[in-house]
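The block underneath contains the structure these notes are about, expressed in C-alpha cells.
The values are calculated or read from the model by the stated rules, or taken from the named source; none is laboratory data. Keep in mind the model is a prediction, meaning the values are calculated, not measured. When we count neighbours, we look across all protein chains shown, and the Cβ atoms used for this are built from the backbone with ideal geometry, even at glycine. All accessible areas refer to the heavy atoms of the entire protein, side chains included, with ligands and DNA or RNA removed. Shrake-Rupley method; radii C 1.70, N 1.55, O 1.52, S 1.80 Å.
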Amino acid sequence: MRAIWITKHGGPDVLQVRESADPVPKEGEIRVRVRAAGLNFAEVMARSGLYPDAPKPPCIVGYEVAGVVDAVGGGVTAPSVGTRVIALTRFGGHADTVCVPAAYALPMPDGMSFEEGGALPVVYLTAYHVLFRIGHLRPGSRVLVHMAAGGVGLAAIQLCRTVADVEVYGTASSSKHEFLRQQGCHHCIDYRTADFAAEITKLTGGGGVDLVLDPLGGKNWRKGYDLLNPAGMLVAYGFASLASGEKRNLLRVAGGLLSVPKFSPMSMMDHNRAVAGVNMGHLWDRMDMLEPELKELLRLYGEGKIKPIVDRVFPFTEAAAAHRRIHARSNVGKVVFVP
C-alpha cells in the first residue's frame, strides 16, 4: 500500500509517501481500498507536534476514508466485498488501503461520490454531536460558529438549516462571506478586521446568543462565554489558536495555555450558562453513540438536506500543499486526499 507518513514533527515538508505491505484484516475487520480520505485540522496539528493523541512519528494519521471493501476478516457478514463504504479510522486513514472494525464502516448512499464520502464523517459527526447531543439545538436559537468556512463550520451551518428559525452568526475572512450566506449563515463577521463579540452584541441589541461553537480556544472561550444568554452553552472542541506558522512554537503554545479562562461553577450558576468540551477522537470506543449519529447524517444527505463541500482534492504526492492550505485557512469546506 501507499500512504502519507509524518516522518518527524515539523513543517509540511516532513510528509513523505511511502510503500509497505498491504494490511490483512483481522477477526471482525474489513479491508477498504481507499478512494478518498479527509484531511482535518487535527492531522495538521499532529504533524506540527501539537496533537497529544497522535502516534509518535514516523506514523500515518487520518480519521476517515471512503472506498470499496475488498477483503473481510473472520466473523464479518457485512459490509461484504464490493460494498462502497465510508469508514472511521483511528489514525492510518491517509493510505490507499486500510483495515477497520466492520462496525466502523457504513454503506455509502448511491448518489454520494467518494470525495463527498471522504469529506463527511469527521466534520459532520463533530457538528452534529456538538449541536444536537451536547448543545440541544432548539428552534429559534442564535448560534455562533467560529471558522465558519471550514469543514465543521459549514457542516454546522447546514445542520442549523434543519431546525426552524435558527439564526447563525459566523466568523470568517471577508472573501468567504458571500459563499457562507449562500449556505445559510445570516450574519458574517470578518475576524481579521472586527471584534466578533462587539459585532454580535451590536447585531443582537445586546441579546447575545444561545450556543457558541468554538474550535479556537484561549481568550476566545471567555469572549464567547460572555455572549451567552441564560441557558446558553459554549462548546469547545479545538485549540486552533495554538497553531501559528507551520512548525510548533512552544512560546505561543505556553501563551495560549495561559490565556485559557477558568470557568467557575458558582459563576455559571449565577449566569445560568454552561460550558462543555468535545473531543471526537476520545469517543472512538463509543460507536453506540456515534453510529446512530452517522446514520442520521446519511439520512439527511439522502434527503438533500446536507451536502459536503469539497474545497480541493489533492493526490498523496501533494500532501504538503494540502497541509499548507488548511494551515493558512485558505479552504472553503473540506480538503480531501486521493491516492
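Between residue 231 and residue 18, the simple label model (points 7 Å from Cα in the Cβ direction) yields a spacing of 5.4 nm. Residue 209 exposes around 0 Å² of accessible area when a 1.4 Å probe is run over every protein chain in place.
The mean of 1/r over all distinct Cα pairs in region 146-198, once inverted, gives the Kirkwood hydrodynamic radius of 10.9 Å. For a straight C-alpha distance cut-off of 28 angstrom, the lysines reachable from residue 26 (same-chain residues fewer than eight places away being disregarded) are 56, 295. For a modelled paramagnetic label at residue 192, 7 Å from Cα along Cα-to-Cβ, the residues of region 143-180 in reach, with backbone nitrogen under 12 Å, are 172-177. Secondary structure note: in the chain, about 55% of the DSSP beta bridges are antiparallel. In region 91-143, Rg over Rh equals 1.08, where Rg is the alpha-carbon radius of gyration and Rh the Kirkwood radius from pairwise Cα distances. Averaging the Cα positions of each part gives two centres, and for region 102-167 and region 15-74 these lie 22 Å apart.
Only protein heavy atoms count here; on that basis, with a 1.4 Å probe, residue 284 has an accessible area of about 70 Å².
The label-point distance for residue 7 and residue 338, in a model that sets each label 7 Å from Cα toward Cβ, rounds to 2.7 nm.
Taking amide H as placed 1.01 Å from N in the peptide plane, residue 273 has its amide H under 5 Å from the amide H of 231, each at least 5 places away in sequence or on another chain.
With every protein chain left in place, what is the accessible area per residue of the chain in square angstrom, probe 1.4 Å?
That works out to 42 Å² for each residue.
Rg/Rh for region 273-316 stands at 1.10; both radii use Cα atoms, and Rh follows the Kirkwood definition.
Top to bottom by accessible area (1.4 Å), largest first, where do 83, 317 land?
From most exposed to least exposed: 317, 83.
Of the two radii for region 4-51, the radius of gyration is 1.05 times the Kirkwood radius, both from the alpha carbons; that is the Rg over Rh value. What's the carbon and sulfur percent of the chain's accessible surface, probe 1.4 angstrom, rounded to a whole number? Accessible surface attributable to carbon and sulfur in the chain totals 53 percent. Amide H contacts of residue 188 (H built 1.01 Å from N, in plane; Pro and chain starts excluded): 170 sit under 5 Å, all sequence-distant by 5 or more or on other chains.
Sum up the charges of everything whose Cβ sits under 11 Å from the Cβ of residue 118, counting Lys and Arg as +1 and Asp and Glu as -1, but leave residue 118 out.
Every neighbour counted, the sum reads -1.
Taking a cut-off of 18 Å between Cα atoms, list the lysines near residue 202, but don't count ones fewer than 8 places away on the same chain. Qualifying lysines at Cα under 18 Å: 223. Here the chain is treated as an ellipsoid with the same Cα gyration tensor; its semi-axes, largest first and in whole Å, are 33, 23, 18.
Taken along the Cα-to-beta-carbon direction at a fixed 7 Å, the label points for residue 174 and residue 219 span 2.3 nm. Around the amide H of residue 150, modelled in the peptide plane, lie the amide H atoms of 333, all under 5 Å away and 5 or more residues distant in sequence or on another chain. Calculate, in nm to one decimal, what residue 303 and residue 90 gain on full extension: separation in residues at 0.36 nm each, minus their alpha carbon distance. The residue 303-residue 90 span can extend by a further 73.8 nm. By a 1.4 Å probe calculation restricted to protein chains, residue 199 has an accessible surface near 60 Å², given to the nearest 10.
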